[in-house]
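Have a look at the structure below before the remarks.
Throughout, read-outs are computed from the coordinates displayed, never taken from laboratory work. Here the structure is a predicted model, which means the values were calculated and not measured. Using ideal geometry, Cβ is built from the backbone for each residue, glycine included, and neighbour counts are taken over all protein chains shown.
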């Protein structure tokens, strides 16, 4: 999903099927990591929202939204017992395990790719093109992604969708 794309809720389904193996496959340590990564993702999203509402730097909003997505990806991988730290490898494993198996729809993969590209462009540009509107779109994409990740994890675990219930 590109930041400039029109958002049509009828065309964007984030309902994951999550037919992959259960979260429990990672064991108690893995479930604890999932909870911690989801909490970190929630924190980053809250920071991004605060920054946007207070008209702070669009660069900072994009950065925090990016890390919300990264931490949600880390939670999804932790559910499979994977601790990948290199972004390229992390996103490739996410694609392989969740998108190519149709556990999550391709639209969430588009979000990951778009947010990553914007974050890289944002880090090396003096001026963020489109400023607040771009930051708003990135934040919305991060919220959509985190919601999809939590839904997927809750279905894998067979429990509710709150962070506490996701992997308890």
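Arrange the following residues from fewest to most other Cβ atoms within 10 Å of their Cβ: 124, 71, 98.
On the way: 124 6, 71 22, 98 25.
With the sparsest Cβ surroundings first, the list reads 124, 71, 98.
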For the range 24-166, just the Cα atoms, rotate onto the principal axes and tell me the three extents in Å, largest first. 45, 27, 23
Could you please rank 116, 50, placing first whichever residue has the fewest other Cβ atoms within 10 Å of its Cβ? 50, 116
When only C-alpha pairs under 8 Å and at least 6 residues apart count, what is the relative contact order of the range 24-166, in percent? 30 percent
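Using Cβ contacts closer than 10 Å as the measure, can you line up 61, 73, 127 from fewest to most? Provide the component values of the computation, followed by the final result.
Details: 61 29, 73 25, 127 9.
Sorted ascending by nearby Cβ count, the order is 127, 73, 61.
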